[in-house]
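Presented below is the structure to which this report refers.
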Amino acid sequence: MTDPVTGQTPSLDDAKSAPLDRAENGPLDESEANAVRPYVDLGGVKLVPREGLQLRLEIEEGTKRVVAVGIDYAGSTLQVQPFAAPRTSGLWHEIRAQIIEQVRSQGGEVQEREGVFGPEVVARIPVTGGEAGATRIARFVGVDGPRWFLRGVIAGRGAIEAEAAAAIDDVFRGIVVVRGTTPMPPRDLIPLQVPQGATAAGTAAAPGAPSA
C-alpha cells in the first residue's frame with residue numbers, strides 16, 4: 001500500500017505489527033479503553049488489577065525516573081515499556097531484529113515464531129556470573145499501536161509453559177497505553193510514574209491483590 005504523503009511503499013520494517021483484534025482485546029490505546037473500569041495508573045500505561053499480581057517499578061539511579069514496569073504473576077515475570085512511535089509506521093520489526101542481533105552477540109540462541117501478538121522472539125541467554133553454561137529463557141513480544149509501541153519481556157514459567165504463557169499474555173493484553181498529546185521522537189520512553197500505594201523501593205501490590 002502506497003503512503004499518500006510520501007508516495008512510497010512502506011518496507012516490512014516500517015509496517016505495524018499487532019493482533020488483528022488489538023483495538024477490541026488489547027493492548028489498548030487510552031481512547032479505546034473502558035472509561036469506568038478501574039485501573040492501576042502508572043502514567044504511560046494502566047494495568048487491570050488482578051489477585052496475586054505484584055508490581056516492581058524499575059527506577060533509573062541517576063534520574064530517579066521510572067524506566068520500566070515489572071510484573072510478577074502466576075510464576076511468570078513481565079517487563080513492560082511503552083515507547084512513542086510514528087502515526088503510520090511501526091517499530092517492532094526493526095526492534096525485533098536488533099534484539100536478535102544483541103542476543104547472538106552475547107552468545108545466546110534465538111528463535112523467531114508467530115505468537116498471539118504476532119512475531120515474537122524466544123531467546124536462550126547466557127547467565128553472567130553463574131555456573132558455566134547456565135542460561136535463562138526469555139520471550140520478547142511487541143505490539144505497534146496508534147503512535148505508540150509496547151514491548152514486553154517475559155521470563156519464568158510464561159517463557160516455557162503454554163498454560164503459564166497464556167496467563168501472562170492475558171496480562172499483557174490488558175495493558176492500556178496512555179500516549180498523551182505531547183510531541184515525542186519515535187523510540188522515546190513514554191513517561192511512567194509511581195502509582196498510589198507503591199513504596200519508594202518500587203514494589204507494590206495491585207489494588208485488591210494480597211501481598212505475597
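The values are calculated or read from the model by the stated rules, or taken from the named source; none is laboratory data. Because the structure is predicted, anything quoted here is derived from the model rather than measured. Here Cβ is always computed from backbone atoms with ideal geometry, including for glycine, and neighbour counts include all displayed protein chains. The accessibility values were calculated without ligands, DNA or RNA, using every heavy atom of the protein model including side chains. Shrake-Rupley method; radii C 1.70, N 1.55, O 1.52, S 1.80 Å.
Some observations on this one:
- Restricting R65, R104, R87, R96 to residues that are open to solvent by 50 Å² or more (accessible area, probe 1.4 Å) and at pLDDT 95 or above narrows the list to R104.
- Looking only at the range 84-114, and only at residues there that are outside any helix (DSSP H, G or I) and touching a residue at least 40 places away in the same chain (Cβ under 8 Å), the one that is nearest to D188 (Cα to Cα): A84
- In the range 24-32, the condition of being at pLDDT below 95, closer than 15 Å to R151 by Cα and either surrounded by 20 or more Cβ atoms within 10 Å (Cβ to Cβ) or out of contact with any Cys (no Cβ under 8 Å at 6 or more places or on another chain) (or both) is met by at least one residue.
- Scan of the range 42-67 for residues that are assigned to a loop (DSSP other than H, G, I, E, B) and farther than 18 Å from R179 by Cβ, ordered by number: V48, P49, R50, E51, G52, L53, E60, E61, G62, T63, K64
- Flag for G118 being surrounded by 15 or more Cβ atoms within 10 Å (Cβ to Cβ) and at positive phi: yes
- Flag if A155 is among the small types (G, A, S) and open to solvent by 70 Å² or more (accessible area, probe 1.4 Å): no
- On inspection, G108 passes the criterion of being among the small types (G, A, S) and in contact with a strand residue (DSSP E or B) (Cβ under 7 Å, 6 or more places away or on another chain).
- Residue tally, condition in contact with a Pro (Cβ under 7 Å, 6 or more places away or on another chain), open to solvent by less than 50 Å² (accessible area, probe 1.4 Å) and not aromatic (F, W, Y), over the range 135-148: 2
- Hey, I137 part of a strand (DSSP E or B) and within 28 Å of A23 (Cα to Cα) or not: no
- Here A205 fulfils each of the conditions (1) at pLDDT below 95; (2) surrounded by fewer than 17 Cβ atoms within 10 Å (Cβ to Cβ) apart from (2).
- Cross-chain or 6+ apart pairs with Cβ under 7 Å, the range 19-37 first and part of a loop (DSSP other than H, G, I, E, B), then surrounded by 11 or more Cβ atoms within 10 Å (Cβ to Cβ) and charged (D, E, K, R): G26/R173; P27/R173
- You will find that of V171, V178, V143, the residue that is closer than 22 Å to E101 by Cβ and modelled with pLDDT of 95 or more is V143 and no other.
- Residue check for L150: over 22 Å from I99 (Cα atoms) and at pLDDT 95 or above: no
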